[in-house]
Amino acid sequence: MKILITGAAGFIGSHLCEKLLEDGNTVVGFDNFDPFYERTVKENNLKTSVLNESFKLIEGDIRDSESVKKLFDEHSFEVVVHLAAKAGVRPSIEDPTAYNKVNVLGTLNILEMMKKNDIKRLVFASSSSVYGNSTDVPYKETMNVNNPISPYAATKIAGELLCYNYWHLYKISATCLRFFTVYGPRQRPEMAIAKFVKKAYDGNLISIYGDGSSCRDFTYIEDIIQGVVVSTERDLGFEIINIGESETIDLNSLLGLIKELTGCDLKTENLPMQPGDVDKTFANIDKAKRLLDYAPVTSVREGIKQYISWLRSNPEIRS
């Protein structure tokens, strides 16, 4: 297949490029190298893919309809995997306009070009943040998500609604994957595990928001990629599917694991919970098992071990 991946230079996107190329697909990556973190990090993410003759990287912005039109005019795709987005709950509170322009308008631009070019299969990256602070766990896809607690979450709900709209009107199949706290090699530097491990090695203070009892359903990158790849291969109509690990760990226990696996003493401070942060994420993955044969295998302990091993083999990232 010839597959478009938006946000190809990011954490999930770069891993997906490698896997799809390994499976014999032709991949076009589209990325604007947003300065949320350093361009060199993203370029390094793609160092393997760019050596593959079946891969082409195009720099462009999903907000720019002309740029997106040119992309679709020059290439014919069988599947689009739309990962490009402004990420992060806390930054979205500071700049909600930018998040709406990228995550909502950008998604609309992609869907419009799919409609005009008669491309019928989309995989859309949504987020567990859409569940807000619901106490009804584990989270099921049928739950009401009309109470988002951050602009980021609201933009992801809007993206899902646009996907449904284009399925209803134009029969563009859309599989919306709600990712649960993805981690692993190449993880964005501001995300919890990456940040905590680096601070552990550097001997810097780790800020804990709340009392450390908040829980996350951490999902290892290879397990996430498994779910995404199968989604590119199956026409499911319109579906929303949780992609998680189906187990949770609280922040204090996570820090204990990092202390054990790095061999470092941790310096910590407790701060108030931040606006937009949720108390818990916990995925019910029954639907993913049924529709995608999804079978996550990496425990948090093993995943952190693999992340630390990767970090040790890339000392320039630790600096």
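Quick notes on this structure:
- Here Met113, Met191 are placed in order of increasing Cβ neighbour count within 10 Å, fewest first, which gives Met191, Met113.
- Greater than 21 Å apart at Cα, pairs in Lys2/Lys116; Lys86/Lys259; Lys2/Lys86; Lys120/Lys140; Lys156/Lys199; Lys2/Lys120: Lys86/Lys259; Lys2/Lys86; Lys120/Lys140; Lys156/Lys199
- Over the stretch 181-319, Cα pairs under 8 Å with separation of 6+ residues give a relative contact order of 37 percent.
- Between Ser246, Ser309, Ser129, the residue with the greatest mean-square fluctuation in the GNM of the chain (Cα pairs under 10 Å linked by springs) is Ser309.
- Theoretical FRET efficiency, 1/(1+(r/R0)^6), r = Cβ-Cβ of Ser65 and Asp95, R0 22 Å, to 0.05: 0.55
- Packing-based exposure ordering (other Cβ within 10 Å, fewest first) of Ile225, Ile258, Ile12: Ile225, Ile258, Ile12
- Measuring gaps between exposed loop sites in the chain (GluC sites (Glu not before Pro); DSSP loop; at most 14 other Cβ atoms within 10 Å), the longest gap, sites not included, is 191-319.
- From largest to smallest, the equivalent ellipsoid semi-axes obtained for the chain from the alpha-carbon gyration tensor read 31, 22, 18 Å.
- Cross-link partners of Lys101 among aspartates and glutamates, defined as those whose alpha carbon lies under 16 angstrom from its own and excluding same-chain residues fewer than eight positions apart: Asp31, Asp34, Asp61, Asp64, Glu66, Glu112, Glu160.
- Antiparallel DSSP beta bridges within the chain, as percent of all bridges there, nearest 5: 5 percent
- For Thr142, Thr268, Thr135, order by how many other beta-carbon atoms lie within 10 Å, fewest first: Thr135, Thr142, Thr268
- In this simple spin-label approximation, Val41 and Thr135 carry label points 7 Å from Cα along the Cα→Cβ vector, and these lie 3.6 nm apart.
- Shape of the stretch 1-117 from the C-alpha gyration tensor: oblate (a/c of 1.5 or more and a/b not above b/c, with a ≥ b ≥ c the square roots of its eigenvalues).
- Spin-label model, Ile58/Lys305: points 7 Å from Cα along the beta carbon direction are separated by 4.3 nm.
- Each of His168 and Met191 was given a label point 7 Å from its Cα along the Cα-to-Cβ line. The distance between the two points is 3.2 nm.
- Taking a point 7 Å from the Cα of Arg234 along the Cα-to-Cβ direction, the residues of the stretch 82-107 with backbone N closer than 18 Å to it are 82.
- Inter-centroid distance (Cα atoms) of the stretch 119-191 relative to the stretch 9-87, Å: 20 Å
- Residues listed by number, the stretch 159-195, amide nitrogen under 19 Å from Asn144 label point at 7 Å toward C-beta: 161
FYI, it's all coordinate maths here, none of it is from the lab. What you see is a predicted model; the values in this text were computed from it and never measured. Reconstructed Cβ throughout: ideal geometry from the backbone, glycine too, with neighbour counts over all protein chains shown.
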